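Please treat every number below as a calculation from the coordinates, not as lab data. Predicted model, so just to flag it, every value in this text is computed and none were measured. All Cβ positions, even for glycine, are placed from backbone atoms using ideal geometry, and neighbour counts span all protein chains on display.
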Amino acid sequence: MAHTPLKFGGLAGIWSDEHQLLKAAEAVRKAGFTRFEAITPFPVHGMDQAMGLKPSWIPWVTFIFGLAGCSLALLFQWYVAAYDWPLNIGGKPFFSLPAFIPVTFELTILFGGLSTVAALFVVCRLPAVNPPIIDTRLTDDRFAIFIAETDKNYDLEKIDQLFRQLGAEEIKKVAEF
Amino acid sequence: MIPRKPLVTGDKTYADITRDICEPVESPISKGWLALFGASGVWFLFYLGIIGVIVFFGTGMMGITHPIGWGTMIVTFVFWIGIGHAGTLISAILFLFRQKWRTGIARSAEAMTIFAVMTAGLFPALHTGRPWLDLWLFPYPNQRGPLWVNFRSPLLWDVFAVSTYFTISLVFWYLGMVPDLATLRDRAKNKVSKLAYGALSLGWRGSNRHWSHYETAYLILAGLSTPLVLSVHSIVSFDFAISLLPGWHTTIFPPYFVAGAIFSGFAMVVTLMILVRIAYPKIRDYVTVDHLEVMNKIIMTTGLMVGYAYGSEFFIAWYSGNIYEKYAFVNRAFGPYWWSYWIMVSCNVLIPQLFWFKSVRRGIVPMFIISIFVNIGMWFERFVITVTSLHRDFLPASWGMFYFTWVDIGLIFGSFGMFFTFFMIFIRFLPMVAIAEVKPVMNVGKPGKGGHH
C-alpha cells in the first residue's frame with residue numbers, strides 16, 4: 001500500500017522530558033485542539049488518556065480472524081478426512097475431532113496473529129515510503145506535539161505562546177506532516 | 001522491602017542508550033567481527049556440504065537403520081526447537097507477566113529463536129529423504145486424487161506447529177524491531193544505510209496514535225505466542241507420545257518437553273549473552289550480571305522440573321506393572337546406552353544444582369561452563385528418548401544398536417555453524433537490544449530518579 005501524503009503542515013513543539021510532554025498534551029487537548037499528534041521515541045504511558053484517544057479496535061480484528069481460522073481449519077479437515085476422500089486410518093472415525101484439535105489451534109493462532117499485524121499496517125498506513133520527518137531526534141531523546149493547520153482553532157501565535165508556556169524547548173514550523 | 005536492582009546500570013540518558021545500542025551497527029566493520037563471521041561462514045559452508053551429501057546420496061549416509069529409523073536428525077531437530085523456546089518465553093510470557101528485566105535480553109533471545117527454528121526446520125525436511133517433494137507435507141489440491149495429508153498424524157501436526165511458530169515468531173520479532181529500525185534510519189549518515197533502514201523501518205514515525213495501536217497489537221501477539229510456544233513443544237512430544245512404543249507412550253511428555261525446552265533455551269541465552277558481553281563491553285550495562293542471575297535461577301528451577309520428570313518416568317514404569325515399560329527404563333539407565341543416560345542426568349539435574357550458590361550464579365566463568373553442560377545434556381536427553389526406546393522394543397529379534405557415521409557428527413557440528421552465521425549477521429546489522437523498550441524502564445531501581453511502574 002503506497003503512502004498517501006496527508007498534505008498539510010502545522011506547528012510542532014519539542015520537549016526533552018516525557019512527563020512535561022504528557023502535561024502539554026493534556027493542555028493542548030483542553031485548549032480545544034482536536035487535530036494534534038504526539039511523536040515520541042517510545043510509547044509514553046498515559047499519553048492515550050492525555051490525548052483523549054479511544055482504545056485500539058485491533059483486538060476485534062484478531063478475534064474475528066482467529067475465529068475464522070479456527071472454523072476454516074475444522075471445516076477443511078472435515079472436508080479432507082470425512083468428505084472428499086474418507087480413508088480408514090487405524091479404525092478411527094472419519095471425523096476424528098480430538099486428532100484435529102492441534103491443527104485447528106495452530107491455524108487459529110496463525111490467522112489471528114497475521115491479521116493483527118495486517119490491521120496494524122492498515123491503521124498506521126504502513127509501509128510508508130519516505131514519510132516526512134519533523135526532527136530526527138524524535139526517535140532518540142526528544143518528544144514533540146504537532147498541531148495541524150487544518151485544526152479549526154489553528155492560530156500560529158496562540159499555539160506558539162501555548163507551547164512556550166508549556167515549556168517547549170524548541171518550536172518548529174512543519175511544511176508537511 | 002528489598003530495593004529493586006537497576007535494570008540498566010550507569011547513569012544513562014535517552015541519548016546514551018540510543019548511542020550505545022546503535023554503535024555496533026554504525027561503527028565500521030571490525031576485524032574481530034570479520035574474523036568470527038568468516039569462521040562461522042566456513043563452518044556453515046561445511047554444513048551445507050554435509051547436507052549436500054545427504055540430499056545426493058540419501059539418508060542412508062547417516063547411522064539410521066532398522067530398528068533405529070529416527071536418529072541424529074530428529075534428536076537435533078528437537079534440540080534446536082527446544083532452544084528456540086526460551087526466546088519466546090522471554091519475549092511473550094515475561095511480557096505478559098510484566099517482567100521488566102526482559103527488555104535487555106528480549107531482542108537477542110528472539111533472534112536466537114528465529115535462527116534456532118530455522119536450523120531445526122531443515123532436519124525433518126531433509127529426513128523425508130526426498131526433500132524436493134516436501135511440498136507434499138502441505139495439504140494442497142493435487143492430481144493424485146486429490147490425495148490429502150493425514151490430519152490424524154502427529155508428524156503432520158508438527159508441520160503446522162513449526163511453520164506457525166516460525167511465522168508468528170518472525171512477525172513478532174520484526175514488529176518489535178520496527179521503532180528501533182526507525183531510530184537507525186534517522187541516525188544514518190550514508191545513503192545506503194538510510195535507504196536500507198528506511199525500507200526496513202516501514203516508514204515508522206513514532207506518532208502516538210500509531211504507538212497506541214502498536215502496543216495493542218504487540219500485546220495480542222504476546223498473548224497468541226504464549227499458548228503457541230507451549231503447543232509447539234507439546235506437539236513435538238506427541239511425535240513420540242502418540243506412538244505405542246515403551247518409553248515414548250507416556251502422558252508426561254508434553255509438560256516434560258516444554259520444561260526441558262525452556263531449560264535448554266535459557267542455557268543457550270546465557271551462553272550467547274556472555275559472548276556478546278565479551279565482544280561488546282557497552283552491552284554489559286543492559287545485560288547485567290543481575291539479568292544473568294535471574295536466568296540462572298530459571299535454569300535451576302527448570303532443571304529440577306526435568307529431574308522430577310526423569311524420576312516420575314521411572315516410578316510410573318515400575319508402578320504400571322507393565323514389563324515392557326519397566327524394561328525400557330531399566331535398559332535406559334543400565335543397558336548398552338547407560339553412558340548417554342548418565343551424561344543426561346549429570347548435565348541436566350546434578351550440575352545445575354551448583355546454582356544454589358550465589359557465587360556460581362553470579363560468576364561469569366562458572367555459569368558459562370554450566371550453560372554449555374546443560375546444552376550437551378539436553379542434546380543427550382533427546383538422544384536417550386529417541387534411540388534407547390527404539391533400539392529394544394517388544395521383540396528381541398528386532399533389537400539393534402545405533403552407530404554414528406561421519407555424516408551424523410558433521411550434521412550435529414555443522415548445524416551450529418548455520419546458527420552462528422545468522423547470529424553474527426544479526427548482531428552486526430540489527431539493534432541487539434530493544435531501544436524503545438529499554439528507555440521506559442531505564443530508571444527502574446534507581447531511587448530519586450522517578451523510577452515509576
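Computed values, structure above
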read-out: Value of relative contact order over chain B, rounded to a whole percent, pairs C-alpha under 8 Å and six or more apart; value: 32 percent
read-out: Partner chain coverage, peptide A:125-133 - average Cβ within 10 angstrom; value: 5
read-out: Gained length - B:Arg98 relative to B:Ala125, 0.36 nm times residue gap less alpha-carbon distance; value: 6.0 nm
read-out: Coil-residue trypsin sites (Lys or Arg not before Pro) of region A:57-155, DSSP, other Cβ within 10 Å capped at 12; value: A:Lys152
read-out: Of the chymotrypsin sites (Phe, Trp or Tyr not before Pro) in region B:316-378, those whose Cβ has at most 15 other Cβ within 10 Å and which sit in DSSP loop; value: B:Phe357
read-out: Local net charge near B:Val232, Cβ-Cβ under 11 Å (Lys/Arg +1, Asp/Glu -1); value: -2
read-out: Reference-scaled alpha-carbon Rg (2.2 N^0.38 Å with N residues) for chain A; value: 1.57
read-out: Averaged over A:50-57, number of beta-carbon atoms from partner chains that fall within 10 Å; value: 3
read-out: Using alpha-carbon coordinates, inclination of helix B:364-383 to the longest axis of chain B, degrees; value: 30 degrees
read-out: Radius of gyration, Dmax [chain B; alpha carbons; angstrom]; value: 23.1, 75
read-out: Debye-sum result for region B:381-437 in log10 I(q)/I(0), which assumes one identical scatterer on each alpha carbon, at q = 0.22 Å⁻¹; value: -0.93
read-out: Rounded to whole Hz, the Karplus (6.51, -1.76, 1.60) HN-Hα couplings of region B:421-435, x for glycine and proline; value: 4, 5, 5, 4, 4, 4, 6, 7, 10, 10, x, 7, 10, 6, 4
read-out: Integer Hz, Karplus 6.51/-1.76/1.60 couplings in order for region B:318-328, x for Gly and Pro; value: 6, 5, 5, x, 8, 5, 5, 4, 4, 4, 4
read-out: Ratio of the Cα radius of gyration of the protein assembly as shown to 2.2 N^0.38 Å, where N counts its residues; value: 1.06
read-out: Ranked A:Met51, B:Met367, B:Met401, criterion: other C-beta atoms within 10 Å, fewest first; value: B:Met401, A:Met51, B:Met367
read-out: At 0.890 mPa s and 25 °C, Stokes D of region B:58-112 from Kirkwood alpha-carbon radius, µm² per second; value: 184 µm²/s
read-out: Euclidean distance of C-alpha centroids, region B:139-201 and region B:30-101, integer Å; value: 18 Å
read-out: Rough spin-label spacing in nm, given labels placed 7 Å along Cα→Cβ, for B:Met118 and B:Phe404; value: 2.6 nm
read-out: Residue-averaged 222 nm ellipticity for chain B, from DSSP H runs of 4+ at -39500 (n - 2.57), nearest 500; value: -22000 deg cm²/dmol
read-out: Cβ neighbours within 10 Å from other chains - mean over A:87-98; value: 1
read-out: Cβ-based exposure ranking for B:Val53, A:Val61, in which fewest neighbours within 10 Å come first; value: B:Val53, A:Val61
read-out: Pairs beyond 25 Å (Cα-Cα), from A:Lys152/A:Lys173; B:Lys5/B:Lys439; B:Lys358/B:Lys439; A:Lys158/B:Lys439; B:Lys189/B:Lys446; B:Lys12/B:Lys297; value: B:Lys358/B:Lys439; A:Lys158/B:Lys439; B:Lys189/B:Lys446; B:Lys12/B:Lys297
read-out: Neighbour-count order for B:Glu437, A:Glu157, fewest beta carbons within 10 angstrom listed first; value: A:Glu157, B:Glu437
read-out: Kirkwood hydrodynamic radius over Cα pairs of region A:5-100, then Stokes diffusion coefficient at 10 °C and 1.306 mPa s, in µm²/s; value: 86 µm²/s
read-out: Relative contact order %, chain A, counting alpha carbon pairs below 8 Å whose residues are six or more apart; value: 54 percent
